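Here is the structure we will look at, set down as structure tokens.
The values are calculated or read from the model by the stated rules, or taken from the named source; none is laboratory data. Computed from a predicted structure; not experimentally measured. Quick reminder, even Gly has a Cβ in these numbers, built from the backbone with ideal geometry, and neighbours come from all protein chains shown.
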């Protein structure tokens, strides 16, 4: 019995209406279940056409049918079929205009609602629609051979007339959904295949797995309803097997986010296979057909036998896909190959075998992967340059070395410029059971771009956009202006930055935004759109291979900036240059301009470096990737504690990696060992020194009120040690990458070697808020002064409006059994020790200051050192002043300056003016002493320590060069700020006016990147960093003098 198309429209419209309601009256599953229950009697009839109904519900899965009718051509056919006048045809064409917010289907619905069709004598059925679509597709040479082999039933004119006439029999609602059916896109409605299959028939999910073809699945369902010989699920699964000429469904797979994520699947023995950059194909061989015994299916399920008619014999390697493209046709036509090189006689296609599913009518779907590979090796004969078995290795996840083995295999794949790895469990091809989750036959794809910190390319300018009404329906809100955005690089960046030339953009890709990004773009960016014919602000280069020759309908006068990540690089057809492969928008920048985007030459260099294979497996790059992959894995926090009475060690440390460990911490400047433990990615051992002394005890109740208080005990209870060994985060932990616990502090040259004091954190008050005497110059009540000035690390100074918040800890620990080590503080900083617990006290100011978060012990030792170049950093001797526009920008103050060890900067020109009015003195820097509260005996500091030198003496320490950082885009604000600098009256010592250079703050970003490259390569180009040279990085960001 025929199934009416209006029944399908009832389901689609119900889902659409339910989706439009904010809360959703019913779930999608409930609506689908009710619809199938209502029409169950029709679906279960013996004469029901399952193929027609399934093809109507999922038109996008009929890849064997190609119509080549776009919205524009379909619009003209509808206009002729409905006999529309010029005015109505203009209304029908509103789908191309973003201001109407309608697609072609809604335009058809609106026209038929205004002028409805008469009631049809014969309602439209799904069988009639299926026959019409099959007839149209049979005349397109891009359809599959099976569809094209159907006998022609109409001419081109009659087919278009039949398509237009069917619209005269539709209601407005049905015409809307038929239009979307013909265009193979029901959006905004998306039907879940597995949910529909289960409700359609309990055995349909199994059938589609093994026979991924609606025509064949319909035959099996019809036979099953008539015979009913097999009833149970397991029995049916055994009865079902692959058939030659019908594509088998692909295995389900997961995307792995890290090496540990792969091992958490708990697959036991896994086959680790190389993923090649080629085209998936499924080969069916029927020797009974003679010469035409081979049939090849593509990933989409289309018969592509004639299109696969390349190992490179000259280079003896498998080429990238942009080289294979010219050997693969599409239904006899070579697409997007006009700019490719000619095919060479030593190039040809090669096939790589990685599985076998059927042999002599014996199904191997229920056979384990290891046994299938054994059968494959017995059957396949490898021919060099023509065929080969997939390269793979077996990894046993139960072995302790599994993680390192997989990491090394993945790093090798990356350095060989491979696409990635595919991990397959030693299980059956399909899981025919009902279990879900990680259990069963699920493959794992592992690419470096799946890992969050890899895959970033850089900033691109968004030069234009176009509108796609079908894509606009996928967003959950109206008023979408653009759906596809054209990203580009600057072709003449150097000329634009230095001489203000007209920008020349080279469009590389077209990207789309998700719903969250689209909302942010529409609310925060709002670019000024102009017509492409009217814009002369910049020139644009768009190759034919970009977005299929579709040009942007709108250009942005001031291009926004997107941060792009991708999956390697590719050379698409008809472009002639490298572009990001599968680009995705990572961030939308609101504070950057097109001057900050990548140049075209930089992109090409990046792509060449990312696609060229280094020499040797044991190359430095391989080792670096192993370290980077280890860092990318989520790790527990490890803590190593050692005291005189206890010792507790967490799991073994990771391999040290210099990329994230501070380069400063010279052992020569430290006199007692400080063992530190990294808690995220790396571990290292360094040393430090602490001066020890003892004062008379002070009662705890007499302790003054604490501002920033840090308490850290070197001796932890057993419970606390076990908690930290498990990797749990301690309260009030720092947000920096490295933390450490002072495991043992030993006094230098102490014959007794008895000290036991630990301080791992501290808090400082920003001097930009509280004007007080420097901590190093405070007088002390202790009879002795600390003779070692190296221990007094300057406080970490940040702006008054920083987001760092004060932390106050007052933790009581157990009384130590050995408290002989003592420290002394100045009179303004008392240290109460109760069971070896330190409490730092700072005098109470008149107004509550802003307090920065406490740096870790590592920070306190390295905060004046550049993390990349150490003492060789070129800006270590520069005094910076930040304009108000960027003084509160934490990326500048905390990260960029912090990377270079710059902890102090000026906000107000008066601060520099005050410095020049203070005469330098020869007063030596004095170490703060520390007072103990529960001591009963004293230890004297080593009297042989060197006498401290003055921190600033006339003609001694080199005076720092002064530089002002601004945001050069804020011209008016900069004028006001620089005027205040001039009003401050900065002068040299001889009284002459002082000129200060002004730079854009983005110079810090480039300096950071260049220093990191220098550290990794070991090469040092001083010209690039010298502020006085013309080829310096600084020159590009120079603003002027004041």
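Rundown of residues vs (1) part of a loop (DSSP other than H, G, I, E, B); (2) in contact with a helix residue (DSSP H, G or I) (Cβ under 9 Å, 6 or more places away or on another chain); (3) under 21 Å from residue 185 (Cα atoms); (4) not assigned by TED's automatic domain parsing to the domain that holds residue 106, yes/no style:
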| site | (1), (2), (3), (4) |
| --- | --- |
| 13 | no, yes, yes, no |
| 35 | no, yes, yes, no |
| 60 | no, no, yes, no |
| 64 | yes, yes, yes, no |
| 72 | no, yes, yes, no |
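If we only count helices (runs of 4 or more DSSP H) wholly inside region 224-339, which ones have 2 or more residues that are at pLDDT below 75 and closer than 24 Å to residue 428 by Cβ?
Working: elements: 233-239, 259-263, 321-324.
It comes to 233-239.
For the subset of region 118-137 comprising residues that are in a loop (DSSP other than H, G, I, E, B) and at pLDDT 90 or above, which member is surrounded by the fewest Cβ atoms within 10 Å (Cβ to Cβ)? If you could, list the steps in order and put the result at the bottom.
Pass one, region 118-137, residues in a loop (DSSP other than H, G, I, E, B): 118-124.
Pick out the ones that are also at pLDDT 90 or above and you get 123-124.
Working: 123: 16, 124: 22.
Per the stated criteria, the residue is 123.
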- Query: Consider residue 467 against the criteria (1) touching a strand residue (DSSP E or B) at 6+ places or on another chain (Cβ under 9 Å); (2) farther than 30 Å from residue 107 by Cα; (3) crowded, with 18+ Cβ neighbours inside 10 Å: it satisfies all of them except one. Which criterion is unmet?
  - Reply: (2)
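If the requirement is being at pLDDT 95 or above and either under 30 Å from residue 301 (Cβ atoms) or in contact with a strand residue (DSSP E or B) (Cβ under 8 Å, 6 or more places away or on another chain) (or both), which of these qualifies: 63, 56? Spell out the reasoning first.
Numbers: 63 fails: at pLDDT 95 or above.
Of the residues listed, the single one that is at pLDDT 95 or above and either under 30 Å from residue 301 (Cβ atoms) or in contact with a strand residue (DSSP E or B) (Cβ under 8 Å, 6 or more places away or on another chain) (or both) is 56.
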- Return yes when residue 569 is in contact with a strand residue (DSSP E or B) (Cβ under 9 Å, 6 or more places away or on another chain) and surrounded by fewer than 18 Cβ atoms within 10 Å (Cβ to Cβ) and no when it is not. no
- Query: Among the residues of region 594-615, which ones are touching a strand residue (DSSP E or B) at 6+ places or on another chain (Cβ under 7 Å) and assigned to a loop (DSSP other than H, G, I, E, B)?
  - Reply: 597, 598
- Does region 569-583 contain at least one residue that is at pLDDT below 90 and not in a loop (DSSP other than H, G, I, E, B)? yes
- residue 587 passes all but one of the listed conditions (1) closer than 28 Å to residue 1005 by Cα; (2) over 29 Å from the mean Cα position of the chain (by Cα); the exception is number (2)
- Message: I'd like to check which helices (runs of 4 or more DSSP H) are fully inside region 437-526 and have at least 1 residues that are more than 20 Å from the chain's Cα centre (by Cα).
- Response: 469-472, 493-499
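Residue by residue, here is whether (1) under 30 Å from residue 631 (Cβ atoms); (2) in the same structural domain as residue 270 (by TED's automatic domain parsing); (3) modelled with pLDDT of 90 or more holds:
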{"site": "347", "(1), (2), (3)": "no, yes, no"}
{"site": "352", "(1), (2), (3)": "no, yes, yes"}
{"site": "358", "(1), (2), (3)": "no, yes, yes"}
{"site": "369", "(1), (2), (3)": "no, yes, yes"}
{"site": "376", "(1), (2), (3)": "no, yes, yes"}
{"site": "389", "(1), (2), (3)": "no, yes, yes"}
{"site": "393", "(1), (2), (3)": "yes, yes, yes"}
{"site": "405", "(1), (2), (3)": "yes, yes, yes"}
{"site": "408", "(1), (2), (3)": "yes, yes, yes"}
- For region 982-1010, name all the residues that are in contact with a strand residue (DSSP E or B) (Cβ under 7 Å, 6 or more places away or on another chain) and closer than 15 Å to residue 882 by Cβ. 996, 997, 998, 999, 1000, 1001
- Hits in region 529-538 - residues which are more than 31 Å from the chain's Cα centre (by Cα) and at pLDDT 80 or above: 530, 531, 532, 533, 537
- Query: Is it the case that some residue within region 913-922 is at pLDDT below 80, within 30 Å of residue 971 (Cα to Cα) and in a loop (DSSP other than H, G, I, E, B)?
  - Reply: no
- Select from region 1023-1042 the residues that are modelled with pLDDT under 70 and part of a loop (DSSP other than H, G, I, E, B) and list them in ascending order. 1028, 1029, 1030, 1031
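Would you mind stating whether residue 196 is in a helix (DSSP H, G or I) and modelled with pLDDT of 90 or more?
Values: in a helix (DSSP H, G or I): yes; modelled with pLDDT of 90 or more: yes.
Considered against the rule, which asks whether it is in a helix (DSSP H, G or I) and modelled with pLDDT of 90 or more, residue 196 comes out as yes.
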- Is it the case that some residue within region 965-977 is more than 20 Å from residue 593 (Cβ to Cβ), in contact with a helix residue (DSSP H, G or I) (Cβ under 8 Å, 6 or more places away or on another chain) and modelled with pLDDT of 75 or more? no
- Query: Here is a list of conditions, (1) more than 29 Å from residue 306 (Cβ to Cβ); (2) surrounded by 14 or more Cβ atoms within 10 Å (Cβ to Cβ), and residue 140 meets all of them except one; can you say which number that is?
  - Reply: (1)
